[in-house]
């Protein structure tokens, strides 16, 4: 799995993940309080400038931003038809600004930094006895580790369907896929415990 | 949470991610391809229950937030949460928890097959369709300022597909319960 993180050494790369996340949260609040299309357009333009400072190139940027820009465009068209030009303009500029700044944070923060930050943020929850903070990093690692395995299992099940001349149906694929995958859980859990990774503190 | 529960949730999160990477599968009787990821969310609730299912979906959302393109179509990153349809995405967590909670209440191993399937179906319908769509509609209406009714009408076109997914989730949930009896319903 390729992350959306981009290697680099810009000011934004060096900024702590917490500062970036708090900044983004504050910005999203401000953007939703502003109702002036002019101010929001400036915000969207600023977002564009910050994003382009990452020097991803037009093609890469388009590939990354395409899904969200398309969604915004569809919603904007509906708003235009239903509520008129002013509202549509506000929707487009506000959401585009937010999307660009959010994409910038994503591109300048590595997965490892994010996991460290989430673990630190979960510490208060740990004190409340809700989760163990270190479990989050462990679980994320497990997910990334097992996605390729599940995909190859999916292919094996699909091939088994073809070999028997059966059509691939959601139900007949999902059930064996889930049972085969979850049956691994005991072994994996035993391996984790045997290594003392979740040792009691 | 025991290590086994943690691993089960992580594996299910991996299944949801994998379901976003496989090409859409055609349903048997109508020519509509379904994207399997929201089916995975209902399945998490039905099969793992509220706690573990909710944690599995939370893991997927965390992966999205930290910049991994794990949603169908290679979407991911914080920008996904800035989308006007982000309510549906965040709603996944509540969908899995409500589906899981209802499954734990409605379904019992001693019931007959048809009762179990109906119970799972109602649970998936409540969580995956009612709760998730309600949150999606509220956020869409709030972001665009179009009003709830318009957002609701726009939403309606996605309801039949998701009702079908709830049906598939119910059948699959019962099949997994029978096929893998070692998995306890409640965490």
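Consider segment B:37-69 and keep the residues that are without any contact (Cβ under 8 Å) to a residue 40 or more places away in the chain and more than 10 Å from every other protein chain (Cβ to nearest Cβ). The one that is surrounded by the most Cβ atoms within 10 Å (Cβ to Cβ) is B:37.
Set side by side, the residues A:182, A:142 differ, and just one is surrounded by 18 or more Cβ atoms within 10 Å (Cβ to Cβ), facing chain B (nearest Cβ under 7 Å) and within 24 Å of residue B:76 (Cα to Cα), which is A:142.
Set side by side, the residues A:158, A:169, A:120, A:164 differ, and just one is touching a strand residue (DSSP E or B) at 6+ places or on another chain (Cβ under 8 Å) and either more than 10 Å from chain B (Cβ to nearest Cβ) or over 30 Å from residue A:46 (Cα atoms) (or both), which is A:169. All of (1) closer than 30 Å to residue A:116 by Cα; (2) touching a helix residue (DSSP H, G or I) at 6+ places or on another chain (Cβ under 7 Å); (3) assigned to a helix (DSSP H, G or I) hold for residue A:6 with one exception: (3).
Screening residue A:132 against (1) touching a residue at least 60 places away in the same chain (Cβ under 8 Å); (2) within 24 Å of residue B:53 (Cβ to Cβ); (3) within 17 Å of the chain's Cα centre (by Cα) leaves a single unmet condition, (3). Applying the set (1) within 19 Å of residue A:38 (Cα to Cα); (2) at the interface with another protein chain (Cβ under 8 Å from one of its Cβ atoms); (3) modelled with pLDDT of 85 or more to residue A:88 leaves exactly one unmet item: (2).
Can you name the residue in segment B:149-165 that is within 22 Å of residue B:53 (Cβ to Cβ) and within 12 Å of chain A (Cβ to nearest Cβ) and, of all such residues, is surrounded by the most Cβ atoms within 10 Å (Cβ to Cβ)? The selected residue is B:165.
The values are calculated or read from the model by the stated rules, or taken from the named source; none is laboratory data. The shown structure was predicted, so the numbers you read here are calculated from the model rather than taken from an experiment. Ideal geometry is used to build each Cβ from the backbone, glycine not excepted, and the neighbour counts take in all protein chains shown.
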